[in-house]
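One structure is given here, and the rest of the page talks about it.
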Amino acid sequence: GCGNMGEAFISGILRGKLLSGDKIIGVDTRADRLACLKKKQEINTEKDPKKAIKKSDIILLAVKPADMGKVLKDIKKSVTNNMLIISIAAGITTGFIEKILGNKIPVIRVMPNTPALLCLSASGMCRGKYADDIDEEVASEILESVGVVVKTTESKMDAITALSGSGPAYVFYFIESLIEAGKEVGLTLENSKKLALQTIMGSVYMIYETEESPVELRRKVTSPGGTTAAALKVMEDEKLKQIIIKAVKRAKERSKELGRKDN
């Protein structure tokens with residue numbers, strides 16, 4: 001699959017010089033998409049996944065979860081146990097992939113997020129029953145080409161999906177709200193957006209640069225009886241933190257539900 005996430009991985013691999021374009025085969029059902037990728041990324045392309053797999057050592061499955069079963073059945077006879085399967089489909093377990101493919105195929109399950117498009121992804125990964133340390137290291141190197149990665153067990157993947165996989169949407173929603181709030185208090189849309197975006201970026205950089213906790217940094221900018229304290233009291237009274245925690249927990253539950261449905 002060579003949608004946004006598939007292309008993000010191709011870009012990261014090329015940018016990080018893990019592979020040259022002639023060593024990558026992009027597979028997609030859309031001929032126009034493949035033509036675009038071939039021109040833009042200077043890679044090989046192939047419409048038939050079985051033909052591409054026969055020439056490959058690593059197969060990155062970047063298809064929608066609902067399509068995974070069909071894709072696996074289509075490629076089953078082409079996959080051998082000296083290949084590595086990396087899946088980025090949300091909710092699809094390594095066991096599900098292993099069961100359909102059979103033959104003790106090494107599988108790594110990955111949960112990236114959309115900032116992979118800018119090589120700023122936060123990804124989680126776990127390995128299946130037949131994957132070894134070398135397989136895990138290969139997958140980790142690929143993921144690090146598009147951002148940062150944490151290695152975990154499969155039981156934690158739904159939590160990672162809920163936190164970082166869906167996380168960009170939560171942040172976008174908060175920024176959307178900040179911009180709207182700026183307009184409500186009299187700023188133009190342009191100025192509100194400019195100030196909100198820079199505030200978010202500056203705050204994140206402060207955490208990285210100072211290595212202080214968000215709690216400590218928040219305390220430092222909150223003077224007793226000041227404007228920040230007044231705003232934070234509203235958030236505390238409205239239980240904003242509890243709402244966010246509840247939302248992430250619900251996303252985790254939904255990830256489990258999708259996994260049971262598709263697996």
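Computed values, structure above
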{"quantity": "Pair list, Cβ < 6 Å and 6+ apart or interchain, from the stretch 133-157 residues that are touching a residue at least 40 places away in the same chain (Cβ under 8 Å) to residues that are of a type in the set (Gly, Ala, Ser) and surrounded by fewer than 17 Cβ atoms within 10 Å (Cβ to Cβ)", "calculated": "Ser145/Gly16"}
{"quantity": "Filtered residue count, the stretch 1-57, keeping only those that are assigned to a strand (DSSP E or B), of a type in the set (A, V, I, L, M, F, W, C) and more than 19 Å from Met68 (Cβ to Cβ)", "calculated": "1"}
{"quantity": "Pick from the stretch 52-91, criterion among the basic types (Lys, Arg) and more than 14 Å from the chain's Cα centre (by Cα), ranking: nearest to Ile160 (Cα to Cα)", "calculated": "Lys70"}
{"quantity": "Any hit, the stretch 72-85, residues being closer than 24 Å to Lys252 by Cβ, open to solvent by 20 Å² or more (accessible area, probe 1.4 Å) and in a helix (DSSP H, G or I)", "calculated": "no"}
{"quantity": "Single condition Arg260 does not satisfy, out of (1) farther than 23 Å from Thr114 by Cβ; (2) at pLDDT 95 or above", "calculated": "(2)"}
{"quantity": "Positions within the stretch 131-167 being of a type in the set (Asp, Glu) and not in a helix (DSSP H, G or I), in sequence order", "calculated": "Asp132"}
{"quantity": "Where Ala66 falls short, out of the listed (1) open to solvent by 40 Å² or more (accessible area, probe 1.4 Å); (2) farther than 15 Å from Ala89 by Cβ; (3) in a helix (DSSP H, G or I); (4) touching a residue at least 40 places away in the same chain (Cβ under 8 Å)", "calculated": "(2)"}
{"quantity": "Residue count, the stretch 165-184 (criterion: in contact (Cβ under 8 Å) with a residue 60 or more places away in the chain and among the polar types (S, T, N, Q))", "calculated": "1"}
{"quantity": "Any chance Pro106 is surrounded by 14 or more Cβ atoms within 10 Å (Cβ to Cβ) and either out of contact with any Ser or Thr (no Cβ under 9 Å at 6 or more places or on another chain) or aromatic (Phe, Trp, Tyr) (or both)", "calculated": "yes"}
{"quantity": "Condition met for Lys23 (at pLDDT 95 or above, under 22 Å from Glu137 (Cα atoms) and open to solvent by 10 Å² or more (accessible area, probe 1.4 Å))", "calculated": "yes"}
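The values are calculated or read from the model by the stated rules, or taken from the named source; none is laboratory data. Everything numeric here is computed off the predicted structure, so don't read it as measured data. Here Cβ is always computed from backbone atoms with ideal geometry, including for glycine, and neighbour counts include all displayed protein chains. Accessible surface is based on the protein model in full, side chains and every heavy atom, while ligands, DNA and RNA are left aside. Shrake-Rupley method; radii C 1.70, N 1.55, O 1.52, S 1.80 Å.
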